[in-house]
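Below: the structure, in structure tokens.
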Amino acid sequence: MLQRYHKAGDLLAENVDAVVDAVVRAVPPAWPLDATVAVNPFVGQSGQRFVEAAAILEHAGNVPLTMPADWYEDLYASGKITEQDLKEAWAATPAQERPARFEEVVAGFEQMREQADKIPSVADLAAARSDQDWPGIISDRIGVWAAGYFDTGQALWRAGGVTEAYANWREHALHDLTPEIAGLSGFAERVSRSPLHAVESIRQSVAVLGLKEFEMHAYFHSLLTELGGWSQLARQRQWVAERDGSYDDTPVALLAVRLFFEASLFESLMSELSGAWQTARKRFGAPVRPSKRHLIANIWQSARERSVQRSLSTKIDRAAQETGTERPDLQAAFCIDVRSEPFRRALESVASNIETIGFAGFFGLGTSHTGFASDISEHRLPVLLSPALGSRSGPSAENSKSLAARYAARAKRAFGRFKLAAVSSFAFVEAMGPVYAAKLLGDSFAMSHRKGDEPEPMLHPAISLEKRVSLAKAVLSGMSLTRNFAPIVLIAGHGAIVTNNPHASALQCGACGGHAGDVNARLLAQLLNDGAVRHGLRVEGIDIPADTVFVAALHDTTADKVQIFAQDQTVDIKPMRLAELKSILERAGHKARTARALKLPGASSGESLVSRGKEWSEIRPEWGLAGCNAFIAARRDRTRHADLEGEAFLHDYDWQQDSGFKVLETILTAPVVVASWISLQYYGSSVAPEIFGGGNKLLHNVTGGIGVLEGNGGVLRTGLPWQSVHNGETFVHEPLRLSVCVEAPKEAVSDILERNPSVRDLFENNWLYLLIVENEGGIAWRYRGDLEWERFSPASEAAAGASE
């Protein structure tokens, strides 16, 4: 083995490393359970056209990028896709990405039903020639090691060893007898002779397997795809390290481990596998081009999306109103999250003269936050960004209250470990089981109580007045809230109060890094109630009236209840006004709950949702962001009277207040990108649930505090669980690419795209749609690509190609 490696080493070393680097970047990152955030599972393919990515993902691991043919056939039969939609989609598709004749699309269902065979790995070939499930064995052995290596504290007995991933696996594999028992003789001895570093091990395995450079990319991608969430978790470590200016090679190590198993199997069974492996290598190395069924499926998907956009345009058309100048009684700023849209609509309907505002839920304050009596820093901002601020809740660690809380937490952890320890757990159950009857009944009947509120957060370390004023101005400008302030301005972050839910953080605020938005809301209210900051804002041209009070709140999206933080020291609100505010919010919540209950399985009424998040057996406490399909950056009057059914991200934006279009550029490069990650995660979990979905909640086992397995081993499951996108009978999330609607001059949007190539790629390559809303109201223009636009018309004139 080593001799073959040295013969090919000089030739391969130059190229293998480059291929490895490209392949690991094709894998999406996945965040651990304590701060799960939505991730675009196709982020590694965003530089390719959508239809090209469909061919690449199928070639690498039989990953579908569109729904089955029956899905589109049913939509066509029901009239949700019309022949005109298909004609528009076909006409708008570049000639090289569509069948030559339109009739081939209409008659293309049988071609779409054709399935490509998975290209076999060495493990697949070995399994076909023996009675051993080698892919399953390898997945299990890597999973056992990875669960211990990535563990964040769940295990009572943590795996030891070195911190570098590949070296840690070598230590583990030297003592793992399972491969040899299964028939891979001499495995431990091979491990002992293997290179000490991941990149050297990969080069050696490449030489053993006889791989040529053009065969490696698809083959490596296939192996990492098979590892599922383990490769995605490894990629997340690398992604975060690079974002923060360092480097991590964990995904390279994981590829080295998987390749080592392949090379070991090939050496052991070379005489039996050589011919079949040579055939598989040729298939891996074959040029990847979209087939006709890829082209046809892409047009059907585009046709459905055009149909939905036409419906959206009609709603925006009807919604166009002139903005009033009367001072509102209440302004309420919510996150752009689609779950805020129904609540905002309900709030505006229960009392007159109320304005609601949509803004990114971290409210422009990207902070690394330390909770009360904690040393853990939580990044309360989008994962695409690094925190520029620090904050903490309550007094310093040396304070007596903080120390008492820390001692209590340590005692609780010690008692928890005692309950679960190998010996004491048996005696504990025998002696203390009856004592837990009351708790068991309370949890079963949803009588558990939520954790108490943390003390008021504060920026720590403190920042200068000049920076505080600059922050406040940026946030208010980003909200298009620079004049006509109401007496009460509610700043409402959002979170989801649930129990016994490993994916709880996925229901929190994505803009807050998988945490609730209460900390950011309270910090912003504190900032905007500061007299010195208001004086500085006045100098900058933003005059906040003396009687205006900013009040922080938390919108619980599971119960549709709003908690007001009136106890914060900077809030000075009269009891009568506070009572009136609470009454208005409760009425709005009742209205929103009643509407939501119609869509949730098992919900008897709107009021039944109040306790739904506390029920420990509830697999669908809420639908999260299922159904999201649009992002609208426009004045609220465009959508105020439209029922968007909780399917649109709503970001308030008035381009006439945006000098130089700086706010618009921020919206397109930050909130839109975050929304695209959310939308495409739901898309991926629907079209490819076996690869990018979280599996069945009923079979989940939490491992390492980082993720879930289906059963007791195998690959880590990432993405959304099946119950988050499907109600048991049909999909509640229809997989659609996000339609981004912006009310601004299209020339300004083009300039921003030209300056931001990574954002432009999302639109150029058909991962997102970009539409322009004009002053007259309604969608007027559609982005064609190459900085060109075409007229958008609900009357389906786009196929005629009126362009500019």
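Enter the per residue convex hull volume of segment 212-290, computed from alpha-carbon coordinates, in Å³ rounded to the nearest integer. Display every interim value, and only then the final one.
Numbers: hull volume 9.3 nm³, N = 79.
Cα convex hull per residue, to the nearest whole number: 118 Å³.
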- Too long for a 18 Å Cα-Cα cut-off, among K473/K662; K561/K614; K80/K292; K315/K599; K561/K582, are K80/K292; K315/K599
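Using only the Cα atoms of segment 709-780, build the gyration tensor, take square roots of its eigenvalues as a ≥ b ≥ c, and label the shape rounded, prolate or oblate: rounded if a/c is under 1.5, else prolate if a/b is larger than b/c, else oblate.
oblate
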- Tell me, what HN-Hα J-couplings in whole Hz come from the Karplus equation 6.51 cos²θ - 1.76 cosθ + 1.60 at θ = phi - 60° for each residue of segment 332-342, using x for Gly and Pro? 10, 9, 10, 5, 6, 2, 4, 6, 6, 4, x
- In terms of Cα to Cα distance under 17 Å, which aspartates and glutamates are near enough to K212, apart from those fewer than 8 places away along the same chain? D10, E14, D17, D21, E200, E262
- Which far-off residues, 5 or more places away or on another chain, put their amide H under 5 Å from the one on L330, with H placed in the peptide plane? E355
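Starting from 0.36 nm per residue, how many nanometres of slack lie between N484 and R101 once their C-alpha separation is accounted for?
Gain on stretching N484 to R101: 132.2 nm.
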- Item | Accessible carbon and sulfur surface of segment 263-364 relative to its total accessible area, %, 1.4 Å | 48
- Nearest-5 percent of antiparallel DSSP beta bridges in segment 661-738? 75
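Any idea what the alpha-carbon Rg over 2.2 N^0.38 Å comes to for segment 444-552? Before the final figure, lay out the partial values.
Details: Rg = 16.8 Å, N = 109, 2.2 N^0.38 = 13.1 Å.
The reported ratio for this selection is 1.28.
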- Message: With a 1.4 Å probe and all protein chains kept in place, how much accessible area does S352 have, in Å² rounded to the nearest 10?
- Response: 100
- Message: Order 334-343, 236-245 from most to least packed using the mean count of other Cβ atoms within 10 Å.
- Response: 334-343, 236-245
- Got a sec? What order do H221, H535 fall in by accessible area at 1.4 Å, biggest, i.e. largest, first? H535, H221
- Task: Can you send over the solvent-accessible area of R483, 1.4 Å probe, protein chains only, in Å² to the nearest 10?
- Result: 150
- Note on the structure: Longest principal axis of the chain (C-alpha) makes with the long axis of helix 229-243 (C-alpha) an angle, in degrees to the nearest 10, of 60
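Can you pull out the trypsin sites (Lys or Arg not before Pro) in segment 41-127 whose DSSP state is coil and whose Cβ has at most 10 other Cβ atoms within 10 Å?
R101
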- Item | Normalised contact order of the chain, rounded percent, pairs of Cα under 8 Å and 6 or more residues apart | 18
- In segment 94-163, carbon and sulfur make up what percent of the accessible area (probe 1.4 Å)? 51
- How many angstrom lie between the C-alpha centres of segment 479-499 and segment 590-652? 18
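With all pairs of different alpha carbon atoms counted, what Kirkwood hydrodynamic radius in Å does segment 622-682 show? Spell out each step's value before the answer.
Details: mean 1/r = 0.0792 Å⁻¹.
About 12.6 Å, per the Kirkwood formula over Cα pairs.
What percentage of all Cα-Cα pairs in segment 162-294 are separated by more than 23 Å?
Numbers: 3530 of 8778 pairs.
Taking all Cα-Cα pairs of segment 162-294, the fraction more than 23 Å apart is 40 percent.
Counting each DSSP H run of 4 or more residues in the chain as -39500 (n - 2.57), what helix-only mean residue ellipticity at 222 nm follows after dividing by all residues, to the nearest 500 deg cm²/dmol? Please report the intermediate quantities before stating the final value.
Numbers: 30 runs with 364 residues, N = 804.
Result for the chain, helices only: -14000 deg cm²/dmol.
Pull out a ≥ b ≥ c, the square roots of the eigenvalues of the alpha-carbon gyration tensor of segment 133-222, then state rounded if a/c is under 1.5, prolate if not and a/b is larger than b/c, and oblate in the remaining case. Spell out each step's value before the answer.
Values: a/c = 1.69, a/b = 1.50, b/c = 1.12.
Because a/c hits 1.5 or more and a/b exceeds b/c, segment 133-222 counts as prolate.
Just for the chain, what percent of DSSP beta bridges are antiparallel, to the closest 5?
Working: 26 of 66 bridges.
Within the chain, antiparallel bridges account for around 40 percent of the total.
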- Area projected by the alpha carbon convex hull of the chain, averaged over all directions, nm²: 36.5
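Please grab the % of Cα pairs in segment 1-148 that end up more than 21 Å from each other. Let's see the in-between values first.
Working: 7436 of 10878 pairs.
I get 68 percent for the Cα pairs in segment 1-148 exceeding 21 Å.
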- Taking Cα atoms, the helix 270-285 axis meets the longest principal axis of the chain at an angle in degrees (rounded to 10) of 40
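With viscosity set to 0.692 mPa s and temperature to 37 °C, compute the Stokes-Einstein D of segment 221-365, Rh being the Kirkwood radius across alpha carbon pairs; µm²/s, no decimals.
148
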- Item | Under-5 Å amide H pairs with T370, H placed in peptide plane, nonlocal only | E378, S391, R392, S393
- Task: Over segment 622-673, give the accessible area per residue in Å² for a 1.4 Å probe, as an integer.
- Result: 32
- With segment 519-605 reduced to its Cα atoms and the Debye formula applied, log10 I(q)/I(0) at q = 0.19, 0.23 1/Å amounts to -0.90, -1.10
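With +1 assigned to the C-beta of every Lys and Arg and -1 to the C-beta of every Asp and Glu, and no other charges, what is the dipole magnitude of segment 556-624 about the Cα centre in debye, to the nearest 20?
Numbers: 12 positive and 10 negative charges, 49 e Å.
I would put it at about 240 debye.
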- Query: Is the shape of segment 604-643 best called rounded, prolate or oblate, per the rule: a/c under 1.5 gives rounded, else a/b larger than b/c gives prolate, else oblate, with a ≥ b ≥ c the square roots of the Cα gyration tensor eigenvalues?
  - Reply: prolate
- Item | Rg in Å to one decimal, and Dmax rounded to a whole Å, for segment 65-106 via C-alpha atoms | 10.8, 30
- Note on the structure: Expressed per residue, the solvent accessible area of segment 152-243 in Å² (1.4 Å probe) is about 42
- Report, largest value first, the span of the C-alpha coordinates of segment 256-295 along each principal axis, in whole Å. 42, 24, 13
- Mind checking the angle between helix 50-61 and the chain's longest principal axis? C-alpha axes, 0 to 90 degrees, to the nearest 10. 40
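The values are calculated or read from the model by the stated rules, or taken from the named source; none is laboratory data. Small disclaimer: the values here were computed from a predicted structure and weren't measured. Please note: Cβ atoms are built from the backbone with ideal geometry, for glycine as well, and neighbour counts cover all protein chains shown. Heads up: the accessible areas ignore ligands, DNA and RNA and are worked out on the full protein's heavy atoms, side chains in. Shrake-Rupley method; radii C 1.70, N 1.55, O 1.52, S 1.80 Å.
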